[in-house]
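Presented below is the structure to which this report refers.
Values in this text are rule-based calculations from the coordinates and carry no lab data. Predicted model only: the values in this text are computed from it and were never measured. Note that we place each Cβ from the backbone using ideal geometry, even for glycine, and neighbour counts take in every protein chain shown.
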Amino acid sequence: MQLYLIRHAETVHNVGKVLAGTTDSALTNHGMAQINCLAQHFVSNSTKFMTVFSSDLSRARITAEGVCRAQVPPAGETPLQPILTPNLREKDYGSMEGCFWKTPPPLPRPRDWVIPETKASMRKRAQDFFDEQLLPILMRDPHGRQNIAVVAHGIMLQELWTYFIGIFNPADTNMTTLHTNPVWSNTGYMTILITPIPTERTMLPNVVPNFTFVVLSIDDKKHLANLHRTRGGVGAAAHDMKQRKIDQFFR
């Protein structure tokens, strides 16, 4: 299995340096351009996805839909659609949703204050996603060379990463560059190759046995090399899905 951990495209909250969390932040025009670049990048590299999983928040869903739309299905097969799950949602910042990144919590806390989601809660969601979605694919066809995409959010992807390196045997883990806390740019992706080991190994507690875990790339964003933000504030503005494209006026 080759696993692609992808962060969603740029949003209005990203540009404004505001915590979005579970808030459905709108994608910017630049973010939509990032999705097009990402989708065409996979097509040009002949990367065909068997399955695409996505957070059900719109910024991740629209990113995943863009990747799926560019994948041309074999004749007679249903076009690829993302499988949505709340387990891949971003951290819930509680009452801090909508605040600037570096805003300290108020003291004293209001009575209706909602505390942010804990790391334990996010780790449980990462575990549930792996157990319910990825592990069945891995065990059903361990020698398969299928490509699987996971479209999520910056903090949630870090939790997935931490969970993965905790369940694979360290002796069978190979990382080109060791990152204990990797980061993801908008539409940046990490590529992980998970393959079976031909020989039996001693099983360790809480470890997925007999698989190697190789990190091929971290925050890969080559697809954005030639992309420039539209000037005049247009690129950072919220994308209007109903807005007609310029080529529609000249048919």
Holding the Cα-Cα limit at 23 Å, pick out from Lys17/Lys242; Lys91/Lys124; Lys124/Lys221 the pairs that are longer than that. Lys17/Lys242; Lys124/Lys221
Of all stretches in the chain that avoid GluC sites (Glu not before Pro) placed in a DSSP loop and having at most 15 other Cβ atoms within 10 Å, the longest is 78-199
For every other residue with a beta carbon closer than 13 angstrom to the beta carbon of Gly21, add +1 if it is Lys or Arg and -1 if Asp or Glu, then tell me the sum. -2
Filter the chymotrypsin sites (Phe, Trp or Tyr not before Pro) in the stretch 108-141 to those in DSSP coil with at most 12 other Cβ atoms within 10 Å of their Cβ, and list the result. Trp113
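Once you list every other residue whose beta carbon is under 14 Å from the beta carbon of Tyr189, what net charge do they have if Lys and Arg are +1 and Asp and Glu are -1?
Neighbour charge sum, excluding Tyr189 itself: +1.
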Decide, for the chain, between rounded, prolate and oblate: order the square roots of the alpha carbon gyration tensor eigenvalues as a ≥ b ≥ c, take rounded if a/c falls under 1.5, and otherwise choose prolate if a/b is larger than b/c, else oblate. oblate
Just to confirm a number: summing +1 for Lys and Arg and -1 for Asp and Glu over residues other than Met1 whose beta-carbon lies under 14 angstrom from that of Met1, what do you get? +2
Considering amide H positions built from the backbone, and no H for Pro or chain starts, which residues 5 or more places from Thr230, or on another chain, come under 5 Å of its amide H? Gly235
Which value in deg cm²/dmol, rounded to the nearest 500, describes the helix-derived mean residue ellipticity at 222 nm for the chain, given -39,500 (n - 2.57) per DSSP H run of n ≥ 4 and division by the residue count? -7500 deg cm²/dmol
